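Shown next, in structure tokens, is the structure this report addresses.
The values are calculated or read from the model by the stated rules, or taken from the named source; none is laboratory data. The structure presented is a predicted model; accordingly, all values stated were derived computationally and were not measured. Using ideal geometry, Cβ is built from the backbone for each residue, glycine included, and neighbour counts are taken over all protein chains shown. Please note that ligands, DNA and RNA were not included when accessible areas were found on the heavy atoms of the full protein model with its side chains. Shrake-Rupley method; radii C 1.70, N 1.55, O 1.52, S 1.80 Å.
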Amino acid sequence: MSYRPNLLLKNVKPVGADFDGSKQVDIRIADGTIVEIGTELEAGDSEETFDAEGAYLSGGWMDMHVHLREPGYEHKETIKTGCAAAAFGGFTEVACMPNTNPAIDSRDVVEFITKRAEELPVNVHPIGCVSKERAGKAIAEMSDMKEGGAVAFSDDGDPVYNAQLMRVALEYSSMLEMPIINHEEDLKLSRPGHMHEGRVSARLGIDGTPGIAEETMIARDILLAEFTGGHIHVAHISTAKAVELVRRAKADGINVTTEVCPHHFDLTDEEIERRDFDTNVKMHPPLRTQEDVDAMIEGLADGTIDAICTDHAPHAIEEKEVEFIYAPNGIIGLETAWSVSVRQLLEPGVLELTDLLDKFVKYPREILNLDVPQIKEGAEANLTLFNTDEKWTFAESVVKSKSNNSPYLGNEMTGRAEAIYNNGQFVVNEV
Ligand SMILES: [Zn+2]
Ligand SMILES: [Zn+2]
């Protein structure tokens, strides 16, 4: 990592707004601002030069759903290590979920997190709790947390199970113009499921979580969003029927948005059998069927699914190295999101590069009412430098997260983020 506020980026191919990735230019950055875009620019005395050799450049990527574990679970991840993983994955901004200890349920904790992230090259936006102590009973101090810098509200890790609480939260959401992000799970239908309920779970004799546990909750939240005028953001969508519910609600003009994780448009529940109960394919919502994977890809293609997020959920080795049914849910994802998206969406032609980038750059920020970074003279330099064809291995030695619970560990990947520039810092990734 290096600190280079004055930088001449040579030979980049910008994508976004005025650029379609076909033209190669040089970009001069002074003290964190793009000051000149041109060809054959010469470096000044106080500038360092970085030759990108034709790599693409876009606005910095944002992951709107990560678990940074601090405060309270620093043995899994810290804000610093989580942001190092984010930078490696090409993300200049993340929004972090409130299931920390203490939970992010007050302005104090919101400010603690932003303060801890102040010097980092990655911006961290806290998501405040919907309910006090994330206990699902009384509404948290939402407007206070907004003033402190919270960008959304969620009890993620758990659903907002109480419909009356969700109604009130959505009423506040409408007043505060901020989304409520729900982990959509009807606990009575889902528990004690450890994987998707279907043919594979039946064969393996493991308790399953049926798709209907997610779908009934989404249907409820869509109705409540329509009733209150609030904005519901469906977290980590994973079933075909859930995508159809969101598609119909959007067509009806209801204020609903959604996101999907790379593993849900890539892997199926067959992996649990194939990998002999590897706990790195255990997460919530669980890996589902090929039909569901196909529906995620279709939802991304037709715009029903707005954003790609990782639900980055680090767990220490000793926590995951237990029997499948006892292992905690979740996998790390920041470092592999781009490569999985390249393989599943870009290479097969599901999305054009500009449309794929919108799911990493534009929509997460629009959902959270944040500024979308631009590549133009005078704009703040918030940038990701990346390629779509480099082969690299996601080896243990390149993992920046404090945990390595990933189903992609050891895999050969295609495409990676070569560097990010944000907050006056230029971070070059090495594999
Ligand atoms: Zn969740
Ligand atoms: Zn989550």
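Taking every alpha-carbon pair in the chain and binning the separations at 10 Å intervals from zero gives 5, 23, 33, 26, 11, 2, 0 percent.
If both residues of a DSSP beta bridge must be in the chain, then about 50% of such bridges are antiparallel. Separation of the alpha carbons by more than 18 angstrom is noted, of K23/K359; K115/K146; K76/K320; K76/K400, for K23/K359.
Pick from I317, I367, I127 the residue whose mean-square fluctuation is largest in a GNM of the chain, springs joining Cα atoms under 10 Å. Most flexible of the set in this elastic network: I317.
Helix 240-251 and the longest principal axis of the C-alpha atoms of the chain enclose an angle of approximately 70°.
Could you work out the pair-distance distribution P(r) of segment 136-243 from its alpha-carbon pairs, with 10 angstrom bin width and percents rounded to whole numbers? Cα pair-distance distribution for segment 136-243, in percent: 15, 43, 26, 12, 3, 0. Taking label points 7 Å from Cα along the Cα-to-Cβ direction, D18 and D51 give a separation of 2.7 nm. Orientation-averaged projection of segment 242-322 equals 5.8 nm² [convex hull of Cα atoms, one quarter of hull surface area]. How much accessible surface area, in Å² rounded to 10, belongs to the heavy atoms of Y73 with a 1.4 Å probe? Approximately 80 Å² of Y73 is accessible to the 1.4 Å probe.
In segment 52-165, a dipole from Cβ-located charges (positive for Lys and Arg, negative for Asp and Glu) runs towards its positive end, and of G82, A117, G136 it is G136 whose Cα lies farthest in that direction. Calculated translational diffusion coefficient of segment 40-178 (4 °C, 1.567 mPa s; Stokes-Einstein with Kirkwood radius over alpha-carbon pairs) equals 79 µm²/s. Of the solvent-accessible surface of the chain, computed with a 1.4 Å probe and all protein chains present, 45% belongs to carbon and sulfur.
Between G82, G205, G72, the Gaussian network model of the chain with springs among Cα atoms under 10 angstrom shows the greatest mean-square fluctuation at G205.
Spin-label model, E270 to E321: label points 7 Å out along the Cα-to-beta-carbon direction sit 3.1 nm apart. Report note on the peptides 94-106, 330-342, 214-226: ranked by the mean count of other C-beta atoms within 10 Å, highest first, their order is 330-342, 94-106, 214-226.
Extension gain for E244-V428 works out to 62.2 nm (0.36 nm per residue, less the C-alpha to C-alpha distance). For a paramagnetic label modelled at 7 Å from the Cα of N11 toward its Cβ, which residues of segment 310-348 fall within the zone defined by backbone nitrogen distances under 18 Å? Label zone hits: none. Summarising the amide proton neighbourhood of H125: residues at separation of 5 or more, or on other chains, whose placed amide H is nearer than 5 Å comprise V94, A95, C96. The order of the peptides 156-166, 237-247 by mean Cβ neighbours within 10 Å, most packed first, is 237-247, 156-166.
Considering the options L353, L170, A152, tell which one lies farthest towards the positive end of the dipole of segment 60-367, charges being +1 on Lys and Arg and -1 on Asp and Glu at the Cβ, about the Cα centre. The Cα lying farthest towards the positive end belongs to L170. Largest first and in whole Å, the equivalent-ellipsoid semi-axes of segment 324-427 read 26, 17, 16, each the square root of five times a Cα gyration tensor eigenvalue.
A 1.4 Å probe run over the protein chains yields, for segment 101-213, 45 Å² of accessible area per residue, whole-number rounding.
For the chain, a Gaussian network of Cα nodes joined below 10 Å ranks E259, E42, E380 by mean-square fluctuation, and the top entry is E42. Modelled spin-label separation between D355 and D31, with each label point placed 7 Å from Cα along the Cα-to-Cβ direction: 4.2 nm.
Round to the nearest 0.05 the FRET efficiency obtained for E42 and M175 when R0 = 60 Å and r is the Cβ-Cβ distance. Step by step, r from the Cβ atoms, then E = 0.70. Could you compute the FRET efficiency for L370 and A202, with r as their C-beta to C-beta distance and R0 at 35 Å, rounded to 0.05? According to the calculation, E is roughly 0.20.
Our coupling estimate for segment 26-39, obtained by passing each phi through the Karplus curve with A = 6.51, B = -1.76, C = 1.60 and θ = phi - 60°, is 10, 10, 9, 10, 10, 6, x, 10, 6, 10, 8, 10, x, 10 Hz, Gly and Pro reported as x. The charge dipole of the chain, taken about its Cα centre with unit charges on the Cβ atoms of Lys, Arg (+1), Asp and Glu (-1) only, comes to about 780 debye. Loop-located GluC sites (Glu not before Pro) in segment 175-213 (DSSP state other than H, G, I, E, B) with a sparse environment of at most 12 neighbouring Cβ atoms within 10 Å: E177.
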